[in-house]
Number of protein chains: 2
Amino acid sequence: MAGGAAELSAMQVPSPSAREAASMYGTAVAVFLVILVAALQGSVPPESPLPYRIPLDPEGTLELSWNVSYAQETVYFRLLVRGLRAGVLFGMSDRGALQGADLVVLWTDGDSAYFGDAWSDQKGQIHLDAQQDYELLQAQRTPEGLTLLFRRPFSTCDPRDYLIEDGTVHLVYGILERPFPSLEAINASGLRTGLQRVQLLKPNISVPALPADTRTLEVRAPDILIPGQETTYWCHVAELPVGFSRHHIVMYEPIVTEGNEALVHHMEVFQCAATFESFPHFSGPCDSKMKPDRLNYCRHVLAAWALGAKAFYYPEEAGLAFGGSGSSRFLRLEVHYHNPLQIQGRRDSSGIRLHYTASLRRFDAGVLELGLVYTPLMAVPPREAAFVLRGYCTDKCTQLALPPSGIHIFASQLHTHLTGRKVVTVLARDGRERAIVNRDNHYSPHFQEIRMLKEIVTVLPGDLLITSCTYNTEDRTLATVGGFGILEEMCVNYVHYYPRTQLELCKSAVDPGFLQKYFHLVNSFNSEEVCTCPQASVPEQFAAVPWNSFSRDTLRALYGFAPLSVHCNKSSASRFPGEWELQPLPEITARLPEPAPRCLAGPRPGPAGPTVVRIGGGRG
Amino acid sequence: MAGGAAELSAMQVPSPSAREAASMYGTAVAVFLVILVAALQGSVPPESPLPYRIPLDPEGTLELSWNVSYAQETVYFRLLVRGLRAGVLFGMSDRGALQGADLVVLWTDGDSAYFGDAWSDQKGQIHLDAQQDYELLQAQRTPEGLTLLFRRPFSTCDPRDYLIEDGTVHLVYGILERPFPSLEAINASGLRTGLQRVQLLKPNISVPALPADTRTLEVRAPDILIPGQETTYWCHVAELPVGFSRHHIVMYEPIVTEGNEALVHHMEVFQCAATFESFPHFSGPCDSKMKPDRLNYCRHVLAAWALGAKAFYYPEEAGLAFGGSGSSRFLRLEVHYHNPLQIQGRRDSSGIRLHYTASLRRFDAGVLELGLVYTPLMAVPPREAAFVLRGYCTDKCTQLALPPSGIHIFASQLHTHLTGRKVVTVLARDGRERAIVNRDNHYSPHFQEIRMLKEIVTVLPGDLLITSCTYNTEDRTLATVGGFGILEEMCVNYVHYYPRTQLELCKSAVDPGFLQKYFHLVNSFNSEEVCTCPQASVPEQFAAVPWNSFSRDTLRALYGFAPLSVHCNKSSASRFPGEWELQPLPEITARLPEPAPRCLAGPRPGPAGPTVVRIGGGRG
């Protein structure tokens, strides 16, 4: 991965003189533009140095490959455009809108073709960036289509530019069907556009060697017919051989049926509960009325993959135990098909290949659930653009539950329901923030993958873990309370760690007594009566709150002050011994500095205008 | 004033090639450095085009003249350094500290002299700016000393730079007594340093013509001996002739005794109350036990001047009435002497020259007091870095009290006590902010002058005026309540306007009943008892509040929600008829956009390093 970036950096080219495009608006003639691109310099390396690949649109017309150079703080992109018409927009935006996006545009005015760094305003109008930060390295015609090789630093000095951060990036695209006299004549609103979510900054970690006795097990859909509807969750039960002994999963990887790359959105393998002797063999949509209820007991995650992810390797000293006594032989595969074009008749056998070994590694890996308890005590007022709730795994719990040498977190899966917009878990020690466990400033509930951490985070007894979720409830009229329902909210970070401990869940909620004080306070400040009668439930109470600046501000103040009810549990039903009610809210005396994006002082050497892409008359 | 800037712009010069200084560190030899400066280009214009002038240090070693070009958004500075030793620092910082300041530095390494744009960190260490935004136009030796002529845009793209805004600017200086091998070797902490507050961006308004029959009256200290202590407020009673009829003051200007320019900090002339037939003739310190109590009734401001201000002109169509029946013949002059070096034996006859006319202008000017009622109901918790209180002059009051064509505000004097840090008054109409009446983001209670507005603001019946004050109570342990005491707080904007109306005071405070609800709320959330017994006063109640995040946040929430008690008064004792209690807090649906500092895209043409100032061997 790192080697790829180094090879690419050798291909840097002086760009053709800039600005010459400014007055070159010709007539729009070529309805079906054929571009024969002269390579700017060199040729594409024989082996692709861009290990990550994702289709951008459901038809697979646009395909993006990329690699990350952490040394250069730069992402290298290769965009393959199949059946190019008159151009393409590609870029990034906060949440996937084509408005307010940071874009590269390849367009033609009918005579010449141009490549430029641009941005779209809130009306979708395209403008050239004052500073050109996407740098074109190569434009080449291949049998598959036109490929554009370009790079961009993570951060630029241009306030119009998107900051490439860890976590989810919303890639956007648009297809130009005809020439435009100028860049400014393009409006994204009129184009065929779309978005694709991806983790762009893949961690730069080395792949551990697999043991010699590694064997594989494929858990795949049995050549099913993908339903012709936008969203399908397919459930399929698989079974381990009778007598399958205890093994360690050391790696898993996706198997995606060729041609279905744009349809298979994410896949998970769950192990069923050992409490049941057996599970019915079912294969069908997870929401089918035919699905046996017992499959609801298959919830222990063994493997999870989402679009754009590659193989998942456990650290060399740990593996995920499965098989053996006390462990169910039944697995449930869940495949999410995302089929917005409602393509019919497509068959699929996608799934996950587990690589496991009988030579057990030194440590069992485990999963610990951080964040908020699933309770209506934690609620978000309606019409909030960015309301933050925090769940605490307190020092008292880690002191009790973790071994003296601590645990090592190597991966993390963030989880909220529909209004979640950001999630971050911070580790604090002695009241001071020390490390970010995982952060996603562009979190989407539609893209929940297990992510390897860039660096392993060690949690010692007495450490504090704070998980903060930011919600947007602008489209809601009533409070959104915590809970299991899809219209209720969660704030969870499943952290993958070793060595495995008894601690399965370390979460918190506000003390219920203090929340009742809040309802009384709201009552005393408002003419309308809030239902605080003893038989009212907390969701009913929240539904009765008149949402004004005072009830909003004081709810925020309450959550920032009131003591906690802490869940420090061995399993969801069994708490560690101790007093966990009315725990003081942890105080943070020193925060981590905000990561100041490195910004090149002074001008960059690149061109100040679009780059002219030379077009020949040939036809492919 | 505008002409001066235009003349200066013609003097722009190509700077000598930069960076050549970097390795030129010589030995520090010249203890008393004599600089014979070769003028970079041209000569100083015969008549000084820089109309504003202020001494920076109490000894008058450094003197700053300046002018403002609003067309170029640039300030032109001329710094006169008398008895130059090895260099000087000059610049600006948020509140006058030499740490975190934006600086120009003239320094020598013993061989060459350099001029550079620099900044100081929180430890006082000096660093060269990556971007050089102070541009040296001329360095010249004059009989008085070395003069440096340079300019700087209001705003630059350099995050290290100070943004020059309306209102108070804290100028800072430091004197270099010896050469330094490099800029980075300088630390401001070891130098003789100081600060001077000034309104740098003087409004660009034309001076109205004075009537032919204008006469003058000088109200001056009677050749007094300035006490040898840091702070003296001198009180002196003057008297108008018997039978002095009604006149209009149309202009006033400072008279500062030559040589005392650095000692006379500000001066005010007050008219005494007409309720008393006469006032004793007193001349002495205002805090003297000998001062007659009756002088406390001399509080109606006729004129106010502060360091750096020039003459104050009333708009052509208005004048300030004085003299005639119903008006006292007695005036009180108050002069603030700021004498940090405790200079002894200096005599002074400074004062204010009033220019008045018997040809009364069309309109009487008036003063209206906006902001917060002087009441402990409005309080700031201790240990707050920036707590905002807001006073409202409601639409109901302006509807009742203002004439149909409104009033025209042309000047403003902001006022708080010791913890005030920012003050702003905004005009809103139909719930939307429309204009800034006056704003000072670097307000200091030690620098309260009447300032002409850049543009007259018209207030119509039904308009709303919101005055916001930001306080810093980080050095306090108890709440700071509103009131008259110097350790209590005020939030006031005295606006000068015409035509004069009966409305003297339009202010507000929180409804007292809602504040009591707040104390109850704090009680119910805390184990400690807040004194809410009926005999407790509001200051006692505030003193009993345990200040935690909840009591702070909810006080802020209360002030942002609770209804108002409005004072809409003809004089401090007489209200306009109407219901003024439990008035709804005005809602603002659209705010004025934050003024986005204009920032040049791309690099500026200036040098990237310090400018070398050529030194000859001559001696003055």
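The values are calculated or read from the model by the stated rules, or taken from the named source; none is laboratory data. Just so it is clear, the model here is predicted, and its values are computed rather than measured. Methodologically, a virtual Cβ is constructed for each residue, glycine included, from the backbone with ideal geometry; neighbour enumeration extends over all protein chains shown. The area values use the complete protein model at the heavy-atom level, side chains included, leaving out ligands, DNA and RNA. Shrake-Rupley method; radii C 1.70, N 1.55, O 1.52, S 1.80 Å.
Some observations on this one:
- Some residue of the stretch B:134-146 being open to solvent by less than 20 Å² (accessible area, probe 1.4 Å) and either closer than 21 Å to B:D440 by Cα or within 14 Å of another protein chain (Cβ to nearest Cβ) (or both): no
- Residue-level analysis places A:F561 among those that are in a loop (DSSP other than H, G, I, E, B), within 12 Å of another protein chain (Cβ to nearest Cβ) and at pLDDT 95 or above.
- Taking the conditions (1) within 18 Å of B:I186 (Cβ to Cβ); (2) under 29 Å from the mean Cα position of the chain (by Cα); (3) not hydroxyl-bearing (S, T, Y) in turn, B:A86 satisfies each one other than (2).
- Count of the stretch A:233-263 residues which are assigned to a strand (DSSP E or B), of a type in the set (A, V, I, L, M, F, W, C) and within 17 Å of A:R332 (Cβ to Cβ): 6
- Test result for A:P586, away from chain B (no Cβ under 11 Å), modelled with pLDDT of 95 or more, part of a loop (DSSP other than H, G, I, E, B) and open to solvent by less than 60 Å² (accessible area, probe 1.4 Å): yes
- Test result for A:S527, at pLDDT 95 or above and either within 14 Å of chain B (Cβ to nearest Cβ) or not in a loop (DSSP other than H, G, I, E, B) (or both): no
- Answer from B:Q125, B:Q131, B:Q99 - the residue that is open to solvent by 20 Å² or more (accessible area, probe 1.4 Å) and within 14 Å of chain A (Cβ to nearest Cβ): B:Q131
- Residue list for the stretch B:377-424, filter: open to solvent by less than 10 Å² (accessible area, probe 1.4 Å) and aromatic (F, W, Y): B:F387, B:F410
- Any chance A:S93 is in contact with an Asp or Glu (Cβ under 9 Å, 6 or more places away or on another chain), buried (at least 20 other Cβ atoms within 10 Å of the Cβ) and not β-branched (V, I, T): yes
- Some residue of the stretch B:485-505 being of a type in the set (K, R) and out of contact with any strand residue (DSSP E or B) (no Cβ under 6 Å at 6 or more places or on another chain): no
- Against the numbered list (1) surrounded by fewer than 23 Cβ atoms within 10 Å (Cβ to Cβ); (2) within 30 Å of A:E277 (Cβ to Cβ), A:V335 comes up short only at (1).
- Considering (1) open to solvent by 60 Å² or more (accessible area, probe 1.4 Å); (2) touching a residue at least 40 places away in the same chain (Cβ under 8 Å); (3) out of contact with any Gly (no Cβ under 8 Å at 6 or more places or on another chain), the lone condition that B:T480 does not fulfil carries the number (1).
- Residue list for the stretch B:491-515, restricted to those being in contact with a Gly (Cβ under 7 Å, 6 or more places away or on another chain) and of a type outside the set (S, T, Y): B:C491, B:V492, B:N493, B:R500, B:K507
- Criterion: open to solvent by 50 Å² or more (accessible area, probe 1.4 Å) and of a type outside the set (A, V, I, L, M, F, W, C) - qualifying residue of A:S288, A:S245: A:S245
- Out of B:P539, B:P607, B:P534, B:P603, sole residue that is farther than 30 Å from A:F519 by Cα, more than 12 Å from chain A (Cβ to nearest Cβ) and either assigned to a helix (DSSP H, G or I) or modelled with pLDDT under 95 (or both): B:P607
- Of the strands (runs of 3 or more DSSP E) that lie entirely inside the stretch B:155-232, those containing 2 or more residues that are in contact with a strand residue (DSSP E or B) (Cβ under 8 Å, 6 or more places away or on another chain) and open to solvent by less than 30 Å² (accessible area, probe 1.4 Å) span B:168-176, B:192-199.
- From A:T147, A:T168, residue being under 23 Å from A:N67 (Cα atoms), in contact with a His (Cβ under 7 Å, 6 or more places away or on another chain) and touching a residue at least 12 places away in the same chain (Cβ under 8 Å): A:T168
- Just one of the numbered conditions (1) closer than 13 Å to A:L195 by Cβ; (2) open to solvent by 10 Å² or more (accessible area, probe 1.4 Å); (3) hydrophobic (A, V, I, L, M, F, W, C) is not true of A:W119: (1).
- Check on B:E540, under 30 Å from B:V459 (Cα atoms) and either open to solvent by 20 Å² or more (accessible area, probe 1.4 Å) or among the acidic types (D, E) (or both): no
- When residues in the stretch B:360-376 are screened for being more than 15 Å from B:L515 (Cβ to Cβ) and open to solvent by 10 Å² or more (accessible area, probe 1.4 Å), 8 of them pass.
- Scanning the stretch B:435-450 turns up at least one residue that is within 27 Å of B:L582 (Cβ to Cβ), touching a residue at least 12 places away in the same chain (Cβ under 8 Å) and in a strand (DSSP E or B).
- Some residue of the stretch A:375-386 being part of a strand (DSSP E or B) and in contact with a strand residue (DSSP E or B) (Cβ under 9 Å, 6 or more places away or on another chain): yes
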